[in-house]
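The values are calculated or read from the model by the stated rules, or taken from the named source; none is laboratory data. What you are looking at is a predicted structure, and each value in this text was computed from that prediction instead of being measured. Every residue, glycine as well, gets a Cβ built from its backbone with ideal geometry; the counts of neighbours run over all protein chains shown. Ligands, DNA and RNA are stripped out before the accessible areas are found, and what is left, the full protein with its side chains, is counted by its heavy atoms. Shrake-Rupley method; radii C 1.70, N 1.55, O 1.52, S 1.80 Å.
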Amino acid sequence: MTFKAAGKAPSDLAFVPFVSVDNMMKNVAAIGVEAFLSGLADYIEEDFLRWESFDKKPRIPAHAPQGVIELMPTSDGETFGFKYVNGHPGNTRDGLQTVTGFGVLSDLSTGYPVLFTEMTILTALRTAANSALAAKHLAPEGATTMAIIGNGAQSDFQCLAFKSMVGITKIRAYDIDSDASVRLARNLAGSGLDLTIFKTPEEAIEGAEIITTVTADKKYATILTDNMVGPGVHINAIGGDCPGKTELHRDILLRSDIFVEFPDQTRVEGELQQLAADHPVTELWQVYAGKASGRVSDSQITLFDGVGFAVEDFAALRFVRDLLPKTGHHEKLDLLADPDDPRDLYGMVLRAGAAGNGAAA
Ligand code: NAD
């Protein structure tokens, strides 16, 4: 029982729908992971199609040698959203996640939050949905085989999104830590995906029409060298998402047509940081809107240089907000003060004290 205002039932507006990790898992289970991924992709596409209505800025980072914490805000003029997210590649050594997050969606007209949610699971879902959405426009038609280099927390979600949205049936997996690949194979058993584990990245990418790189290391890594990438392939490069952290050899970029979310952010954080500041790129929203071409030839190498942008998280928050009335899987969080008289905030504190609420023993 909360003590918000004497003699007044707390208004529903004072409680913010809160989705815990437990409830996020229940929400995913309620509609199924593949329906969740494709529903989320629809919301992302919808928001990319109204790209110009968003207030867009690169995310705001706080760097440490071990990783980064970032705030990702955006608004469409009616609703504001932000995500708090970290990226700490060394965390798994201590049993911690590399990426965790939470986020808020708010009504811009009152400033009141309308959703507060965990975004560790939701980020993995939105990243996968976003990758598969891009691949629908960029991958070779009829692609059935995807190599996935880096078999950590994001990888299962990536595989499932490419299965349900792109038609991938075969996964060729590689990780420097073979236990990670075994874990991925175990989780995807029964998913309908035919997964094979390889001992080298060279073997893993053989014959794959799509290559996903989703490794975590805070350095200029070379997960793929130039000679590994043949014509016609689509590369879904997800792991390089921070200054000083990349996955592809620069020569691959020079042979590819590069597609990005928001160039101002990708040039600082993505594979693009290896190229000149004016290197030509195509913005994905323009491809979705039919204003720019996606894949135009069988021999073209398309590269989605994905870093994760605030509009995708905004779409994910909207998707969860709209899902909650159907599933009911959330709690009411006592986050906002709700005095009888909105100006009598201290009076509410006084009355709570007089009633002995929270008094020290
Ligand atoms: P994770 O730590 O759970 O998994 C990373 C995996 O990469 C590990 O299994 C590790 O062994 C493997 N790995 C590291 N170096 C490798 C190499 N040279 N070759 C093969 N495998 C290697 O991390 P995660 O949560 O899966 O995230 C992976 C990366 O994706 C991180 O860098 C994260 O920041 C990034 N990410 C990007 C987005 C985006 O929107 N672009 C979103 C979420 C996460």
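Points worth noting:
- Whole-number percent relative contact order across the chain, with pairs defined as alpha carbons under 8 Å at least 6 apart: 22
- Mean residue ellipticity, 222 nm, helices only, the chain: the sum of -39500 (n - 2.57) across DSSP H runs of n ≥ 4, divided by residue count and rounded to 500, is -10000 deg cm²/dmol.
- Sequence-distant residues sharing a close amide H with G232 (under 5 Å, placed H): Q300, I301
- Between P325, N236, Q274, the Cα set farthest toward the positive side of the dipole of the range 231-330 (charges on each charged residue's Cβ, about the Cα centre) is that of P325.
- For the range 233-238, Karplus couplings with θ = phi - 60° (6.51, -1.76, 1.60), whole Hz, Gly/Pro x: 7, 9, 9, 10, 9, 10
- Charged-residue dipole, Cβ positions (Lys, Arg, Asp, Glu), the range 131-251 about Cα centre, Debye nearest 20: 280
- Helix 33-48 and the long axis of the chain differ in direction by around 90°, with both axes built from C-alpha atoms.
- Probe 1.4 Å, accessible area per residue of the range 207-353, Å²: 42
- In sequence order, the range 325-335 has phi-based couplings of x, 7, 9, x, 7, 7, 10, 9, 8, 7, 10 Hz under the Karplus curve 6.51 cos²θ - 1.76 cosθ + 1.60, θ = phi - 60°, and Gly or Pro positions carry x.
- Rolling a 1.4 angstrom probe over the range 64-151 with all protein chains present gives an accessible area of which 56% lies on carbon and sulfur atoms.
- Unit charges on C-beta of K, R, D, E only; dipole of the range 303-361, Debye: 160
- Residues in the range 105-115 carry Karplus couplings, in order, of 10, 9, 7, 5, 6, 10, x, 7, x, 10, 7 Hz; the curve used is 6.51 cos²θ - 1.76 cosθ + 1.60 with θ = phi - 60°, and Gly or Pro positions show x.
- Longest stretch of the chain clear of exposed loop sites (trypsin sites (Lys or Arg not before Pro), DSSP loop, at most 15 other Cβ atoms within 10 Å, sites excluded): 51-198.
- Scaled radius of gyration (Cα, divided by 2.2 N^0.38 Å) that the range 1-138 gives: 1.22
- Residues whose placed amide H lies under 5 Å from that of G240, excluding near-sequence neighbours: E247
- Dipole of the chain computed with +1 at Lys/Arg Cβ and -1 at Asp/Glu Cβ about the Cα centre; of A41, S109, I211, farthest Cα towards the positive end is S109.
- The range 271-361 - convex hull of alpha carbons, volume per residue in Å³: 309
- Average projection, convex hull of the Cα set of the chain: 20.5 square nanometres.
- Debye, to nearest 20: dipole size of the chain, +1 on Lys, Arg Cβ, -1 on Asp, Glu Cβ: 560
- Pairs exceeding a 32 Å alpha-carbon distance, out of K291/K326; K26/K163; K136/K219; K163/K199; K199/K291: K291/K326; K199/K291.
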